[in-house]
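Participant: There's a structure below that I have some questions on.
The values are calculated or read from the model by the stated rules, or taken from the named source; none is laboratory data. This one's a predicted model, so the numbers in the text were calculated from it and none came from an experiment. Cβ sites come from the backbone with ideal geometry, for glycine too, and all protein chains shown count toward neighbours. For accessibility, only protein heavy atoms count, side chains too; no ligands or nucleic acids. Shrake-Rupley method; radii C 1.70, N 1.55, O 1.52, S 1.80 Å.
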Amino acid sequence: MTFLEFHKLISQDLLIYSWIRKNFSLTHQELEVGKELKLQHGQVIIMEKGLMVQESKGKKPAIQRVFAGERIIYTTETTLLLSALERTTYSIISTDELFEKLDEHNLLSNFFLQVAEDFEKSLEWQRELMSAESEERVGKVLLRIIKWYELDPVRNHVFPRWLKIYVLAKLARCSVSTTSMIINGLADKGVINVKKTPWILIQDSDVLCVS
């Protein structure tokens, strides 16, 4: 088995994540909705459940990366500021200790490759968004949310409570006014109901303007 074949296998099975959970004594912490967490250089977050986002530092606020479910969060930056959209359970461990143990088990290269792949997926998603018109951007983000939460109009039609116009605007990299106009248009067509909180999915996601 080649290195890349082995890496594909362990990536599919979340092997490194499971290995860390098994081989480290983790101290679980909770981050409440709306609270922020600053990841310092030399630390790695082992995220167990929840939803956190990283916002860009530019003039126009935008959500740069989204971390959901079981994730390993590592950065080469000095600090990484994250905020919780859902209550998040996580642990923090030292990069030095993690790298030493991964290296002992010949997993360090796989760890860095996985981090690079995750970052590339985020960049590819941003490129995909920026190449689309505003209406399609909003549709793409809504479709991702629908798929992640496995929403459908009959059995599971309630959007997550954190989904609001201003958050959707940051995710879709659109202005609040443009996002509001697009969402109101979808509401007028009977696709979603935004008069209630949380929002309600009324029609199947294939009606969204996504190519």
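Participant: Please verify whether Glu133 is of a type outside the set (Ser, Thr, Tyr), more than 30 Å from Trp19 (Cβ to Cβ) and open to solvent by 50 Å² or more (accessible area, probe 1.4 Å), treating the condition exactly as stated.
Facilitator: Numbers: of a type outside the set (Ser, Thr, Tyr): yes; more than 30 Å from Trp19 (Cβ to Cβ): yes; open to solvent by 50 Å² or more (accessible area, probe 1.4 Å): yes.
Here the answer is yes, as Glu133 does meet what is asked.
Participant: Sticking with this structure for a sec: Hey, any hits in the stretch 159-169 for a residue that's under 16 Å from the mean Cα position of the chain (by Cα), open to solvent by less than 30 Å² (accessible area, probe 1.4 Å) and without any contact (Cβ under 8 Å) to a residue 12 or more places away in the chain?
Facilitator: yes
This table checks each residue for (1) open to solvent by less than 40 Å² (accessible area, probe 1.4 Å); (2) part of a strand (DSSP E or B); (3) closer than 30 Å to Glu32 by Cβ; (4) in contact (Cβ under 8 Å) with a residue 24 or more places away in the chain.
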position: Ile93; (1), (2), (3), (4): yes, yes, yes, yes
position: Leu98; (1), (2), (3), (4): yes, no, yes, yes
position: Asn106; (1), (2), (3), (4): no, no, no, no
position: Asn110; (1), (2), (3), (4): yes, no, no, yes
position: Gln114; (1), (2), (3), (4): yes, no, yes, yes
position: Glu117; (1), (2), (3), (4): no, no, no, yes
position: Ile145; (1), (2), (3), (4): yes, no, yes, no
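Participant: When only residues in the stretch 51-69 that are touching a Lys or Arg at 6+ places or on another chain (Cβ under 7 Å) and not in a strand (DSSP E or B) count, which is most open to solvent (accessible area, probe 1.4 Å)?
Facilitator: Step by step, filter the stretch 51-69, then rank; the result is Pro61.
Let's see how each residue does on (1) out of contact with any strand residue (DSSP E or B) (no Cβ under 7 Å at 6 or more places or on another chain); (2) in a loop (DSSP other than H, G, I, E, B); (3) under 26 Å from Leu108 (Cα atoms):
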residue	(1), (2), (3)
Leu26	no, yes, yes
Ile46	no, no, yes
Glu77	yes, yes, yes
Leu85	no, no, no
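Participant: Condition (residue is under 24 Å from Val33 (Cβ atoms), open to solvent by less than 10 Å² (accessible area, probe 1.4 Å), in a loop (DSSP other than H, G, I, E, B) and in contact with a helix residue (DSSP H, G or I) (Cβ under 8 Å, 6 or more places away or on another chain)) applied to the stretch 180-194: is it met by at least one residue? Can you show your working first?
Facilitator: At the first step, the residues of the stretch 180-194 found to be under 24 Å from Val33 (Cβ atoms) are 180, 183, 192-194.
In the following step, the residues that additionally are open to solvent by less than 10 Å² (accessible area, probe 1.4 Å) were identified as 183, 192.
Add one more test, that the residue is in a loop (DSSP other than H, G, I, E, B), and what stays is none.
No: the stretch 180-194 contains no residue that is under 24 Å from Val33 (Cβ atoms), open to solvent by less than 10 Å² (accessible area, probe 1.4 Å), in a loop (DSSP other than H, G, I, E, B) and in contact with a helix residue (DSSP H, G or I) (Cβ under 8 Å, 6 or more places away or on another chain).
Participant: Looking at this structure, is Ile72 under 18 Å from the mean Cα position of the chain (by Cα), at pLDDT 90 or above, assigned to a strand (DSSP E or B) and of a type in the set (A, V, I, L, M)?
Facilitator: yes
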